[in-house]
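Down below is the structure, laid out as structure tokens.
The values are calculated or read from the model by the stated rules, or taken from the named source; none is laboratory data. None of the values given here were measured: they were computed from a predicted structure. Heads up, the Cβs are rebuilt from the backbone with ideal geometry, glycines too, and the neighbour counts pull from every protein chain shown.
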Amino acid sequence: MKLELNIKNVPELVIRVFEFNTETYYKKNLKPFDTSINLHGMVPSIQRTEKDMFKNVPKNKILSKEFVFEELKGKIGLFIIEIQGNGKMSRAIVKKGSLTLIHRSTP
């Protein structure tokens with residue numbers, strides 16, 4: 001899975017990936033998933049720090065950078081990718097695959 005970001009003058013970028021269990025969330029809150037969920041206290045499945053991306057780039061230039069998440073290859077479900085840098089935070093919600101309940105009546 002790939003995620004492309006346009007960033008400007010960020011000396012250090014922290015990327016956290018959370019695996020989210022929508023079934024448990026629904027049973028606990030009795031409402032569907034909401035993108036404004038508070039992730040405070042949750043432990044990310046993946047965490048990495050990108051440094052020195054702007055080492056030889058002028059401070060006013062916007063850099064388009066692609067991040068690859070090999071760790072999510074072959075996994076299905078809902079993932080929340082949180083990107084934090086220079087005091088700003090962004091969030092991407094990624095749904096991979098789909099789950100369907102099949103119900104068949106039997107005699």
If we ask which residues in the range 5-36 are surrounded by 11 or more Cβ atoms within 10 Å (Cβ to Cβ) and closer than 28 Å to Lys51 by Cα, their number turns out to be 15
Note down all Cβ pairs under 6 Å where the first residue falls in the range 1-26 and is more than 19 Å from Phe79 (Cα to Cα), the second is among the aliphatic types (A, V, I, L, M) and surrounded by fewer than 18 Cβ atoms within 10 Å (Cβ to Cβ), and they're at least six residues apart or on different chains. Asn6/Ile62; Ile7/Leu63; Lys8/Ile62
Can you tell me which of (1) touching an Asp or Glu at 6+ places or on another chain (Cβ under 8 Å); (2) among the hydrophobic types (A, V, I, L, M, F, W, C); (3) closer than 18 Å to Val14 by Cβ; (4) surrounded by 13 or more Cβ atoms within 10 Å (Cβ to Cβ) is the one Met89 doesn't meet? (4)
Please name all residue pairs, on different chains or six or more residues apart, with Cβ atoms under 7 Å, provided the first residue is in the range 83-98 and is farther than 16 Å from Phe54 by Cα and the second residue is assigned to a loop (DSSP other than H, G, I, E, B) and of a type in the set (A, V, I, L, M, F, W, C). Val94/Met1; Lys96/Ile76; Gly97/Ile76
I'd like to know if the range 50-66 contains one or more residues that are at pLDDT 90 or above, surrounded by 10 or more Cβ atoms within 10 Å (Cβ to Cβ) and farther than 15 Å from Lys8 by Cα. no
